[in-house]
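To start, the structure itself, in structure tokens.
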Amino acid sequence: MRLASRMSTIGTESAFEVAARARALEATGRSVIHLEIGEPDFDTPANVRAAAKKALDDGATHYAPYPGIPPLREAIAEDATARKGFEVTPDRVFVTVGGKGVMLYAIMGLVDPGDEVIVPDPGYPIYESLARFVGGTPVPIPIRMENEFRLDVDELAGLISPRTRMLVINSPANPTGGVLTRGDLEAIAELAIRYDLAVLADEIYGRILYDGTEHVSIASLAGMAERTIVLDGFSKTFAMTGWRLGYAIVPPSLVGMYGQLIINTISCAPTFAQIGAVEALRGQQDDVAAMVVEFRARRDLIVDGLNAIPGIRCLRPTGAFYAFPDISGTGLSGADLAEKLLHEAGVCVLAGTAFGGVGTDHIRISYANSRENLATALERIRGVVEPLAAATSAGSAAGAPMAGRA
């Protein structure tokens, strides 16, 4: 059957494809440690599960209002006002099936064919994929390790053209764990206002922060709530990936647009899951706090372990649960090393190029796995990488000019 031509423009999220290959390898009897998927390994908190179970027993199995049930929109508005630092009213909140719905509606509703969308590189691949799918042109803004995985605002300014329609920012970031500072965001906001840009602010990891790092929502800055779509949800903070609940906080001018697009796509998110999400926001938060403490310990374990392996350099991330080490000292690209680690060491990671061209010499590691498994993974990685780094170092030394000679 002939596919529509637009299907040639859409990308993918390789984490799911790589995970499927790893599971196929496991089916042959191989041991594989999964560090590829960005999914907390914790269970959804018991109080949230109990609320959803009770909702099912109480008959919450019918359609919900298309923007979301009123108690959840109210809870999101209260939580966002308190945590994000700007006034949010329930009428500006839309509950979606996962955070991807927020992205889809923002890009579909605001980007015309030929418009440019500035996206982070490396960054979550669906930003670029959806921009292309609607006929837009993704323009990558490099996010480099030497700048602590924060974008360079002067470089960003140089990428803005008369066709630029939207800027996508993600802080804390997937795949790097980088966090934009308040100063970064103030400079970005000034550019957005000057050039009349819409901003899609992906804040899904906003509560997973370490070492006293401040999370600033760009929508809290002067003049930005009117042009920013905030993306957030329950998957990461509350370990609710399978519940498929995200939400958008939108400017008043986009309330009608979001309503139309939700009605035309999903109708509504599941009612009982939304009732569980109310409990997630309004119930005890001890499980969230404990999860972040554990992620911090895992971060330190994986970063210290990687930096102890010759050929690998790893920045200590300040948010999310990913490490994005530079592996150029191995002599391999990130894609080649990821393949080698899977088949020779039974460690599944992602190539940095799954997130953009800047990631050529990187791999992404999700440390949303037990400390025991992370320690084993580090041993296996060392077994593969150490000989590569030694050979690369020896080759560099052999090719270097001798002292005293031209």
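The figures follow:
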quantity: Between the range 129-173 and the range 222-299, the alpha-carbon center distance in angstrom; calculated: 23 Å
quantity: Sites T61 and S370, calculated FRET efficiency, Cβ-Cβ separation with R0 41 Å, nearest 0.05; calculated: 0.70
quantity: Protein accessible area in the range 206-256, 1.4 Å probe - carbon and sulfur %; calculated: 53 percent
quantity: Theoretical FRET efficiency, 1/(1+(r/R0)^6), r = Cβ-Cβ of S253 and R30, R0 45 Å, to 0.05; calculated: 0.25
quantity: Non-local Lys pairs in the chain, i.e. 8 or more apart or on different chains, that have alpha carbons under 21 Å apart; calculated: 4
quantity: Net dipole in debye of the chain [+1 Lys, Arg Cβ; -1 Asp, Glu Cβ; about Cα centre; nearest 20]; calculated: 640 debye
quantity: Computed helical MRE - 222 nm, the chain, DSSP H runs ≥ 4 contributing -39500 (n - 2.57), nearest 500; calculated: -13000 deg cm²/dmol
quantity: Where the range 260-337 is the region considered: accessible area per residue in Å², 1.4 Å probe; calculated: 38 Å²
quantity: Whole-Hz ³J(HN,Hα) from phi, Karplus 6.51 cos²θ - 1.76 cosθ + 1.60, for the range 321-330, glycine and proline x; calculated: 9, 10, 10, 10, x, 7, 10, 4, x, 7
quantity: Distance histogram for the range 1-149 (every C-alpha pair counted, 10 angstrom bins, percent rounded to whole numbers); calculated: 8, 21, 30, 29, 11, 0
quantity: Contact order normalised by residue count of the range 184-335, Cα under 8 Å, 6+ apart, percent; calculated: 19 percent
quantity: Calculated from backbone phi, Karplus (6.51, -1.76, 1.60) coupling profile of the range 275-285 in Hz, x at Gly/Pro; calculated: 5, x, 5, 4, 5, 4, 7, 9, x, 4, 10
quantity: Distance in nm between pseudo-label sites at A222 and N47 (7 Å out along the Cβ direction from Cα); calculated: 3.9 nm
quantity: Rg and Dmax of the chain, Cα atoms only, in Å; calculated: 22.0, 85
quantity: Sequence-separation-based contact order of the chain, relative, with Cα cut under 8 Å and 6+ spacing, percent; calculated: 22 percent
quantity: Along principal axes, Cα extents of the range 159-301, largest first, whole Å; calculated: 45, 40, 24
quantity: Between 0 and 90°, nearest 10: helix 286-307 axis offset from the chain longest Cα axis; calculated: 20 degrees
quantity: Tail fraction, Cα-Cα pairs, the range 269-406, threshold 25 Å, whole percent; calculated: 41 percent
quantity: Nearest-ten-degree value, helix 182-194 long axis tilted from longest Cα axis of the chain; calculated: 60 degrees
quantity: The range 1-124 - percent of accessible surface contributed by carbon and sulfur, probe 1.4 Å; calculated: 55 percent
quantity: Solvent-accessible heavy-atom area per residue, rounded to whole Å², over the range 92-161 at 1.4 Å; calculated: 34 Å²
quantity: Convex hull per residue volume in Å³, alpha carbons only, for the range 54-138; calculated: 148 Å³
quantity: Carbon plus sulfur fraction of accessible area for the range 267-395, probe 1.4 Å, in percent; calculated: 53 percent
quantity: Per residue accessible area of the range 167-251, 1.4 Å probe, in Å²; calculated: 27 Å²
quantity: Packing rank of 16-22, 65-71, 158-164, where each peptide gets the mean count of other beta carbons within 10 Å, highest leading; calculated: 65-71, 16-22, 158-164
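The values are calculated or read from the model by the stated rules, or taken from the named source; none is laboratory data. Not measured: the values here are computed from a predicted model. Heads up, the Cβs are rebuilt from the backbone with ideal geometry, glycines too, and the neighbour counts pull from every protein chain shown. Please note that ligands, DNA and RNA were not included when accessible areas were found on the heavy atoms of the full protein model with its side chains. Shrake-Rupley method; radii C 1.70, N 1.55, O 1.52, S 1.80 Å.
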